[in-house]
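Undergrad: Input: one structure, supplied below.
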Ligand code: TYM
């Protein structure tokens, strides 16, 4: 998976130009077809922007979950976060989509905060830091409107007693040779990291453990998390569980030239706790599909397909399809220039974040209500 010179996509590293069709082939996932979207539409009514605009592009067994659902069998949702710092706008994408699925299908969500993962993987982080970020990042999740009645946050280090028996069952059935092939582990990899995938598998089955109801889980996440599910799906039937299903999204890009939004490049990354002036500065420095001078752009037009600003409108900040099409037309015709788009995006991102930050503040009293062990 990581041998490809140009493109590396692992749960811990995304590098190079990401070719999503190639990933579908390499990972052995299925594309989300028009036909599948039609089926989904029957269940949910209006398709979410992230489906209409193909941000979610790939899946494993989404069709099977729908088959079961149509026969009256429920499923649960599972997603998560590795709390190594503040949350950025890219992380919100799968969580916003998860909320949409939860509202439409009225399902439980199990959300894993992997303070243990980030401790074993990140050289410089202490346990106190990852557990602190886990709590802090939960505020972002809660701010998106999730409710305690059907949302259960697992804080790995705090809740390890709940997870440990299933983690052992999983770990016993995965050889080191499989783990090396799937994750690229080396002799120098610490053994905490090598054991870690067993723990990320557990929430796929936690609903069955807690309720006795053996239903599949559906996992919305970016495609980088897929290797976990490949091994989990292999062993699920051996443990008497349903195979977990997935819907995969693309990466929201950073504001620089190429690459996903990633906290390792903070200047090109919009964090949910950024101030309006920081947001403005970052967007103003963004890589666009514009020409070197305004005069040239007016004459020749811009290239939205290269533009990071456009992708923020496409995936998050322009809900209206006609307005989006208009934006593209105006850009290509040179009627709008990059400064215009940057100003609109700055205004929208700032408005969204100020609201989000208020909700985060309010969430501070509520985190315990979401504990899986309450
Ligand atoms: P983490 O913290 O790296 O990422 C959290 C979620 O955000 C997705 N993501 C992105 N999505 C769109 N655009 C981006 N630029 C972008 N960057 C990250 C990730 O795919 C992920 O869905 N090990 C996990 C935590 C975890 C988890 C899970 C994630 C535990 N169980 C189940 C998803 C599903 C991690 O470190 O995620």
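Undergrad: Pull up the DSSP beta bridges for the stretch 8-250 and report the antiparallel fraction as a percent, rounded to 5. Don't skip to the answer; put the middle values down first.
TA: Values: 9 of 26 bridges.
Antiparallel: roughly 35 percent of the beta bridges in the stretch 8-250.
Undergrad: Would you mind checking the radius of gyration and Dmax of the stretch 57-119 based on alpha-carbon positions, in Å?
TA: Both quantities, over Cα of the stretch 57-119: 14.0, 42 Å.
Undergrad: Another question, then. Using Stokes-Einstein with the Kirkwood hydrodynamic radius over Cα pairs, what translational diffusion coefficient do you get for the stretch 59-166 at 20 °C and a viscosity of 1.002 mPa s, in µm²/s rounded to a whole number? Before the final figure, lay out each step's value.
TA: Details: Rh = 15.0 Å.
D, rounded to a whole number, is 143 µm²/s.
Undergrad: Dividing the alpha-carbon radius of gyration of the stretch 111-181 by 2.2 N^0.38 Å (N being the number of residues), what value is obtained? Can you show the working numbers first?
TA: Details: Rg = 14.6 Å, N = 71, 2.2 N^0.38 = 11.1 Å.
It is 1.31.
Undergrad: Please give the Cα centre distance for the stretch 79-103 versus the stretch 314-374, rounded to the nearest Å.
TA: After rounding, the separation between the Cα centres reads 14 Å.
Undergrad: What is the order of 177, 275, fewest Cβ neighbours within 10 Å to most? Show your work: numbers first, answer last.
TA: Details: 177 8, 275 13.
Result, fewest neighbours first: 177, 275.
Undergrad: So what's the back-of-envelope 222 nm ellipticity for the chain, counting only DSSP H runs of four-plus at -39500 (n - 2.57) apiece and dividing by all residues, rounded to 500? Display every interim value, and only then the final one.
TA: Numbers: 17 runs with 184 residues, N = 374.
My calculation for the chain gives -15000 deg cm²/dmol from helical runs alone.
Undergrad: Then there is this: Using only the alpha carbons of the stretch 266-362, what is the convex hull's orientation-averaged projected area in square nanometres? Could the numbers behind the result be given before it?
TA: Working: hull surface 25.0 nm².
For the Cα atoms of the stretch 266-362, the hull's average projected area reads 6.2 nm².
Undergrad: While we're looking at this one, here's another question. Between Rg and the Kirkwood Rh of the stretch 1-100, both from Cα atoms, what is the Rg to Rh ratio? Please list the in-between numbers first.
TA: Values: Rg = 15.5 Å, Rh = 15.7 Å.
Ratio of gyration radius to Kirkwood radius for the stretch 1-100: 0.99.
Undergrad: Let me ask you something else. Taking every eigenvalue of the Cα gyration tensor of the stretch 280-332, multiplying by 5 and rooting it, what semi-axes result, largest first, whole Å?
TA: Values: eigenvalues 70, 47, 12 Å².
Equivalent ellipsoid semi-axes, largest first: 19, 15, 8 Å.
Undergrad: Right, another one. Can you compute log10 of I(q)/I(0) for the stretch 180-245 with the Debye formula, treating each Cα as one identical point scatterer, at q = 0.11, 0.14, 0.21 Å⁻¹?
TA: -0.29, -0.45, -0.90
Undergrad: If I histogram all Cα-Cα distances within the chain using bins 20 Å wide from 0, what percent of pairs lands in each bin?
TA: Bins of 20 Å from zero give 27, 59, 13, 0 percent of pairs.
Undergrad: Would you mind checking the tilt of helix 321-332 against the longest principal axis of the Cα atoms of the chain, expressed as 0 to 90 degrees and rounded to 10?
TA: Once rounded, the angle reads 50 degrees.
Here, each number is a calculation from the coordinates, and none is a lab measurement. Remember, it's a predicted structure, so these values are computed and weren't measured experimentally. With ideal geometry, Cβ positions are generated from the backbone for all residues, glycine too; neighbour counts draw on all protein chains shown.
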